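Note sheet for the following structure.
The values are calculated or read from the model by the stated rules, or taken from the named source; none is laboratory data. Note that the structure is a prediction, hence the values are computed from the model and not measured. All Cβ positions, even for glycine, are placed from backbone atoms using ideal geometry, and neighbour counts span all protein chains on display.
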Amino acid sequence: MNTAPLVQNGMAADTWLPDRHLGVLLAGAGASLLPHLGHLPPVLAASAGAMVLWRALIQWRPHLTPPRLLLTMLMAVGLAGVVFSHQTLLNRDAGISVLAVFLGLKLLETRDLRDAQVVTYLCFFLVLTAFMFDQSPLVAGLSILALWLLLGALIGFHAEARAIGGTLRDAAIMLVQAAPVMVILFVLFPRVSTPLWGLGTTTGHGVTGLSDTMRPGSIGELSLSDAIVLRARFTGAVPPRASLYWRGPVMEQFDGTAWSADDSSLLEPGDVRVRSDERSFDYEVTLEPHDQTWMFALELPKAAPADTRYRPDFRLAAREPITRRIRYRVSSSLHHEALQNAPPRTLRRLTRLPGGSNPRIAALARTWNAEGISGQAFVSRAIEFFARQGLVYTLAPPLATTADTADAFLFDSRAGFCEHFASAFTILMRAGGIPARVVTGYQGGEINPVDNYLEVRQDDAHAWSEVLLEGAWQRVDPTAIAQPLRIEQGMARAVPVGDPVPLLGQPAFAHLARWRHRWDALGNGWNQYVLGFDRTRQGDLMEALGLDGIDHATRGLLMMGSIGVALALSVLPLALPMLLPLLRLRARSDPAQRLWRRFCARMARAGLNRAPSEGAEAFTARIARTRPDLASEVTRVGQVYNELRYGAAPVNPERLRELRLCIARVRP
Amino acid sequence: MLPAFIRRLLSMPERTESEPITIGQRRVYVMPTRQGLAFGVCLAVMLLGAVNYALSLAYMLTFLLAAAGLVTILHTFRNLAWISVSAAPAQPVFAGEDAHFTLLLENRARRDRYSVRLVLGDASTQVDLARQSVTRATVSAPALHRGWQSAGAFTLETRYPLGLFRAWAVLRPAARVLVYPRPRYGERPASTSDAHEGSSNRRGPGQDEIADLRPYRAGDAPSLVAWKSLARSDTLLTRVLDAAQARQSWVDWDALPPELGLEERLEVLAGWLLDLHEADIAFGLRLPGTAIEPATGSAHAARCLERLALFTGRSPIRP
């Protein structure tokens with residue numbers, strides 16, 4: 001079985017790959033394509049898959065091999081398909097499509113080892129590009145599977161006679177051996193914080209989340225999703241739930257039904273100032289991508305993290321839309337004065353309402369104004385009014401029949417979600433001449449007992465009001481006034497039973513929620529320590545290891561040294577059986593044998609080589625025949641050596657000395 | 001050919017080594033192949049992508065592949081190291097034929113080795129070595145000149161498991177082959193009763209009398225087939241030569257025309273001798289200064305051919 005077919009005269013390996021190893025290669029190619037099915041244009045994904053199958057068919061029916069002309073045509077069609085789907089060849093997504101097309105075509109013309117090697121390299125790239133879309137553990141697992149199959153196929157092509165059981169086992173062993181080195185490289189390889197080139201166009205993936213406009217029902221939609229918006233880890237104490245106002249888009253413009261945020265705030269940056277108390281909360285936010293620039297922080301952040309702007313409406317904004325999970329540290333003060341020192345003309349724009357909209361609220365404000373109520377008293381009066389109005393907090397408010405939705409909410413249906421509350425309250429304020437605006441964001445969050453991260457979900461989405469009194473902004477949460485449970489225990493407990501809240505948010509599913517906590521903590525661990533292992537995390541880890549002060553050269557040495565150790569350790573189990581015979585050889589070499597070796601070496605110098613098959617007796621006998629002058633000493637050497645080596649008696653130092661003397665006497 | 005000191009530095013043997021040659025770890029060289037370099041370029045591009053998009057999993061993938069690449073160095077090395085090599089005796093061949101050198105590759109390890117390639121000049125052969133077994137690997141090289149021909153340096157190499165690296169070792173086992181002179185048929189002296197006195201009572205095989213014809217048996221020399229009678233009767237007959245005559249046949253150096261050079265002379269003698277051997281006629285060999293008494297059989301023929309192959313006599317021939 002051990003003689004492979006004779007390949008003469010340096011000819012390349014066979015030009016037809018063995019079925020079983022090709023099968024493994026095709027499976028590996030399939031596994032590399034699989035994570036792309038979600039975002040490749042369906043036509044291209046289908047044709048790449050078809051070409052994998054076609055190649056499998058060729059193995060059975062070689063006459064189906066496409067001629068070169070057809071391949072060229074397929075290539076042209078494929079590229080045209082990419083251009084048609086992406087409108088270009090030159091962005092990232094188009095590049096991935098081209099890669100998939102190339103892989104399919106290369107497979108079709110794969111017939112020897114070199115082709116197969118190119119195929120595996122293409123697959124490696126394809127696996128890598130999948131991470132641009134999804135870095136979930138599932139995709140990671142799929143990638144490992146692909147890698148395993150591809151390596152198994154390569155091993156098979158280099159040992160064609162092997163069964164795939166053996167090649168796949170060896171591929172798995174190689175991956176396991178490679179893992180420690182991978183971890184070292186991953187931890188120690190220096191990270192940069194800025195991209196080397198543009199990240200390419202990223203189209204929105206239809207992420208749900210807050211938007212920069214708020215119309216009735218827009219936040220209520222979010223409450224049906226329990227997707228995680230952000231996770232926060234507090235360094236010290238966690239503020240009470242009722243204080244967890246995550247500030248998001250601030251809406252200063254109202255068109256009668258919808259509030260909207262203008263990216264250029266009405267207020268000038270120089271006009272705001274935060275006066276906060278000493279007590280502050282430090283935390284690190286891990287924000288899921290939402291394709292917008294705003295970043296969430298508890299009211300009010302003391303300063304903006306690096307690379308972000310602190311806008312005059314007291315919210316943090318990234319310079320670019322957030323298309324990937326980001327992490328930032330913020331320090332917030334919950335007791336603060338947000339001072340606004342804008343000219344009166346600007347402030348008047350914060351009291352502007354479209355003429356004639358919501359006439360009943362406007363009338364109410366006029367009544368109060370006529371009573372001489374203004375300023376703080378007006379706000380208190382409004383709060384009292386909201387508390388007494390019997391407003392119902394519900395996810396399923398009746399549809400408004402008029403354009404004046406705030407009027408309808410406050411006086412007719414009296415049932416609404418937080419955006420109705422915030423909108424109506426703010427309109428009332430503006431109608432009363434008090435500068436006011438709507439703030440959207442999230443309220444609350446839940447500590448995951450598994451990893452102690454505070455998780456904020458889409459169903460925590462909230463809207464509240466802010467009024468400007470005597471030069472300082474004050475938060476008023478009209479929802480909390482009418483339905484305190486919303487703030488204290490969360491949306492699911494505040495809405496009436498029967499409202500469509502997320503399944504796991506319902507109190508009856510508490511035990512399921514425990515499992516969700518574990519699952520979320522797992523996901524968070526993956527995000528934090530695997531995906532989120534960036535420059536900052538690396539720095540933290542180096543610091544924890546006491547390696548933060550080292551320079552690049554030392555770091556490089558450390559990296560290479562540890563890789564060497566890891567390689568040695570991972571391969572040592574393999575090397576041991578190889579080294580053992582050597583060790584045994586050394587151990588076996590007793591004094592008599594050493595003397596015998598010396599004797600043999602001396603004889604060899606005289607041209608008398610011991611044949612490997614010759615024992616001591618045969619060798620000495622031969623010497624005695626060819627060199628009668630040495631016969632007596634040499635024969636004695638043979639006898640004594642044999643006696644010492646193989647005799648029953650324990651080694652006698654006397655005899656050993658005799659052997660030494662005999663050998664010394666032999667002078668060829 | 002590398003200078004001697006470099007060869008020593010690379011521990012490449014200059015001379016034939018005593019066998020079995022165990023490929024110690026210091027003799028194994030490992031270098032990336034073209035595929036390995038391409039793999040490195042791929043990794044570099046992948047790393048750039050990982051850095052640019054700050055994708056942790058892309059880093060991991062790249063590093064895992066790089067680590068697998070490093071691990072394969074050891075696997076490739078291990079696939080070759082500690083093989084014991086010894087040369088099997090090579091069958092003598094005639095000049096102009098291919099000499100087949102067989103090496104015995106002993107795998108003492110408790111694991112199989114795969115795709116070990118034995119290279120000699122332009123020829124190579126690839127074998128798998130099962131655990132704790134001896135595998136024969138044969139490569140051919142043209143036999144050019146009569147005499148002992150040494151195989152020279154063999155290279156044992158492997159690219160297992162991924163083809164990214166090539167491990168090789170240069171070996172000089174005592175593999176040599178005896179090359180007989182290229183036999184030249186049909187140029188024997190037309191008559192033995194010529195030039196030299198000493199050869200007057202000896203006759204070349206061409207002049208043997210046909211004593212009888214017997215039916216052809218498989219293995220009979222073509223030169224003894226009675227082709228003329230085949231034309232007549234459609235049956236293959238073999239000429240049986242006069243045994244008495246044959247017993248006295250001498251393949252004689254001096255029977256050849258004096259104008260022949262040394263090599264041509266040996267070639268003619270070889271052809272002559274082979275004809276006699278194939279005809280199963282006892283013959284002796286007479287060369288200047290040496291002679292082999294007439295006998296029959298393969299061993300005898302081989303002995304005579306060896307004498308021709310190793311003959312270092314005078315040249316040019318005295319008139």
Within the stretch A:632-668, of all residues that are in contact with a Ser or Thr (Cβ under 9 Å, 6 or more places away or on another chain) and among the aliphatic types (A, V, I, L, M), the one surrounded by the fewest Cβ atoms within 10 Å (Cβ to Cβ) is A:Val634
How many residues, within the stretch A:127-157, are crowded, with 24+ Cβ neighbours inside 10 Å and under 29 Å from B:Val127 (Cβ atoms)? 9
Counting only residues that are facing chain B (nearest Cβ under 9 Å) and within 24 Å of B:Leu57 (Cβ to Cβ), give me the helices (runs of 4 or more DSSP H) lying completely in the stretch A:81-162 with at least 2 of them. A:113-130, A:137-158
Is it the case that some residue within the stretch B:56-67 is surrounded by 18 or more Cβ atoms within 10 Å (Cβ to Cβ), farther than 25 Å from B:Gly163 by Cα and facing chain A (nearest Cβ under 7 Å)? yes
Looking only at the stretch A:511-533, decide whether some residue is part of a loop (DSSP other than H, G, I, E, B) and modelled with pLDDT of 80 or more. yes
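Filter the stretch B:26-38 down to residues that are part of a helix (DSSP H, G or I) and surrounded by 15 or more Cβ atoms within 10 Å (Cβ to Cβ) and give me whichever is farthest from the other protein chains (Cβ to nearest Cβ). Quick ask: steps written out before the conclusion?
Taking the stretch B:26-38 and keeping what is part of a helix (DSSP H, G or I), we get B:26-27, B:34-38.
Those left that are additionally surrounded by 15 or more Cβ atoms within 10 Å (Cβ to Cβ): B:27, B:35-36, B:38.
Numbers: B:Arg27: 15, B:Gln35: 5, B:Gly36: 10, B:Ala38: 7 Å.
Per the stated criteria, the residue is B:Arg27.
Hey, any hits in the stretch A:119-140 for a residue that's small (Gly, Ala, Ser), over 28 Å from the mean Cα position of the chain (by Cα) and on the phi < 0 side of the Ramachandran plot?
Checked against the condition, which is being small (Gly, Ala, Ser), over 28 Å from the mean Cα position of the chain (by Cα) and on the phi < 0 side of the Ramachandran plot, the stretch A:119-140 yields no hits at all.
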Could you tell me whether the stretch A:191-208 includes any residue that is more than 8 Å from chain B (Cβ to nearest Cβ), at pLDDT 80 or above and at negative phi? no
Pick from A:Ala396, A:Ala408: which is touching a Pro at 6+ places or on another chain (Cβ under 9 Å), among the aliphatic types (A, V, I, L, M) and assigned to a helix (DSSP H, G or I)? A:Ala408
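Just to be sure before I move on: is A:Val450 of a type in the set (A, V, I, L, M, F, W, C) and assigned to a loop (DSSP other than H, G, I, E, B) in the structure I sent?
Values: of a type in the set (A, V, I, L, M, F, W, C): yes; assigned to a loop (DSSP other than H, G, I, E, B): yes.
So A:Val450 fits the description; yes.
Give the stretch A:214-245 a look and list any residue that's assigned to a strand (DSSP E or B), surrounded by fewer than 23 Cβ atoms within 10 Å (Cβ to Cβ) and not charged (D, E, K, R), or say none.
Taking the stretch A:214-245 and keeping what is assigned to a strand (DSSP E or B), we get A:214, A:228-234, A:245.
Narrowing the set further to residues that are surrounded by fewer than 23 Cβ atoms within 10 Å (Cβ to Cβ) leaves A:228, A:233-234.
A:Ile228, A:Phe234, listed by residue number.
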Does A:Gly38 qualify as being assigned to a helix (DSSP H, G or I) and not hydrophobic (A, V, I, L, M, F, W, C)? no
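Taking the options A:Met542, A:Met560, name whichever one is within 13 Å of another protein chain (Cβ to nearest Cβ), aliphatic (A, V, I, L, M) and either within 26 Å of A:Leu287 (Cβ to Cβ) or assigned to a helix (DSSP H, G or I) (or both). I'd like the intermediate steps shown before the answer.
Working: A:Met542 fails: within 13 Å of another protein chain (Cβ to nearest Cβ).
Residue meeting the stated conditions: A:Met560.
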Of all residues in the stretch A:411-434, how many are of a type in the set (Gly, Ala, Ser), outside any strand (DSSP E or B) and on the phi < 0 side of the Ramachandran plot? 6
Take the conditions closer than 25 Å to A:Asn452 by Cβ, modelled with pLDDT of 85 or more and among the basic types (Lys, Arg) and apply them to A:Arg231. Does it pass? yes
The stretch B:219-257, subset modelled with pLDDT of 80 or more and assigned to a loop (DSSP other than H, G, I, E, B), residue surrounded by the most Cβ atoms within 10 Å (Cβ to Cβ): B:Leu256
Candidates B:Val41, B:Val45, B:Val51, filtered to the one that is surrounded by fewer than 23 Cβ atoms within 10 Å (Cβ to Cβ), free of Cβ contacts under 8 Å to residues at least 12 places away in the same chain and either of a type in the set (S, T, N, Q) or within 7 Å of another protein chain (Cβ to nearest Cβ) (or both): B:Val51
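Of these, B:Ile292, B:Ile317, which one is of a type in the set (Val, Ile, Thr) and at pLDDT 85 or above? Please lay out each step first, then the result.
Details: B:Ile317 fails: at pLDDT 85 or above.
Just one listed residue meets the conditions, B:Ile292.
Residues are listed down the side, and each one gets a yes or a no for (1) crowded, with 23+ Cβ neighbours inside 10 Å; (2) assigned by TED's automatic domain parsing to the domain that holds A:Gly471; (3) out of contact with any Asp or Glu (no Cβ under 8 Å at 6 or more places or on another chain):
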site	(1), (2), (3)
A:Pro398	no, yes, yes
A:Ala406	yes, yes, yes
A:Asn452	no, yes, yes
A:Arg457	yes, yes, no
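Please specify each residue of the stretch B:113-126 satisfying the condition of being more than 10 Å from B:Thr158 (Cα to Cα) and either within 8 Å of chain A (Cβ to nearest Cβ) or touching a Cys at 6+ places or on another chain (Cβ under 9 Å) (or both).
Of the residues in the stretch B:113-126, the ones more than 10 Å from B:Thr158 (Cα to Cα) are B:119-125.
Within the stretch B:113-126, B:Val119, B:Asp122, B:Ala123, B:Ser124, B:Thr125 meet the criteria.
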Would you confirm, using the coordinates I've provided, whether B:Ala130 is over 20 Å from the mean Cα position of the chain (by Cα), surrounded by fewer than 20 Cβ atoms within 10 Å (Cβ to Cβ), within 7 Å of chain A (Cβ to nearest Cβ) and at pLDDT 90 or above? yes
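Return a yes/no flag: does the stretch B:143-158 have any residue that is on the phi < 0 side of the Ramachandran plot and facing chain A (nearest Cβ under 9 Å).
Quick first cut of the stretch B:143-158, residues on the phi < 0 side of the Ramachandran plot only: B:143-146, B:148-151, B:153-158.
From what is left, the residues that are facing chain A (nearest Cβ under 9 Å) are B:158.
Yes, that holds for at least one residue.
Having 3 or more residues that are modelled with pLDDT of 85 or more is the bar; report the strands (runs of 3 or more DSSP E) wholly within the stretch A:310-378 that clear it. Spell out how you get there, then give the answer.
Details: elements: A:316-318, A:326-332, A:336-340.
Qualifying strands (runs of 3 or more DSSP E): A:316-318, A:326-332.
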Residue that is within 14 Å of chain B (Cβ to nearest Cβ), in a helix (DSSP H, G or I), out of contact with any helix residue (DSSP H, G or I) (no Cβ under 7 Å at 6 or more places or on another chain) and more than 12 Å from A:Cys662 (Cβ to Cβ), where the choices are A:Ala611, A:Ala621, A:Ala604: A:Ala604
I'd like to verify a number: residues in the stretch A:517-569 that are polar (S, T, N, Q) and under 13 Å from A:Val183 (Cα atoms), how many? 2
